[in-house]
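Below: the structure, in structure tokens.
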Amino acid sequence: MSSSIKISYDLKPPASVGSGDLPKQKTQEFAISPASDSNEDFYAAMRSSLEAARNQVGDELTAWRDVVGKAELNKEPKKVVSEDDEEEEMEEEEQAVVRLTNAY
């Protein structure tokens, strides 16, 4: 009997994201090939196959994350913090520290 780990994914990225050569759908199979019929060998082979699957799928999904992340960065305007806002935040933090100090 042959054992394997099968992983499938079907991504639905935003329409505005160009996928380039990255596949949106993929099915992969990773064979579990123990050296002998012992349970120890089977579980060692299974760990090895799981690690290979995790690494390969992780690399592929990381590439997608990078593509989608770059597209999202270009979409959202960056928050501009004025010096007045920074000063107010610092004053609020200082007041909170004083209140905590006085509480003890």
Worksheet item: Taking segment 23-47 as the search range and keeping residues that are of a type in the set (S, T, N, Q) and assigned to a loop (DSSP other than H, G, I, E, B), which one is surrounded by the most Cβ atoms within 10 Å (Cβ to Cβ)?
Response: S33
Response to the item:
Exception for P13 within (1) modelled with pLDDT under 90; (2) loosely packed, with under 11 Cβ neighbours inside 10 Å; (3) not in a helix (DSSP H, G or I) falls at (2)
Worksheet, complete the sentence: Looking across segment 1-10 at residues that are among the small types (G, A, S) and over 25 Å from V67 (Cβ atoms), the single one that is surrounded by the fewest Cβ atoms within 10 Å (Cβ to Cβ) is S2
Worksheet entry | Residues located in segment 1-55, provided they are farther than 30 Å from E72 by Cα and acidic (D, E) | E29, D37, E40, D41, E51
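The values are calculated or read from the model by the stated rules, or taken from the named source; none is laboratory data. Quick caveat: nothing in here was measured; it's all calculated off a predicted structure. Note that each Cβ is placed from the backbone with ideal geometry, even for glycine, and that neighbours are counted across all protein chains shown.
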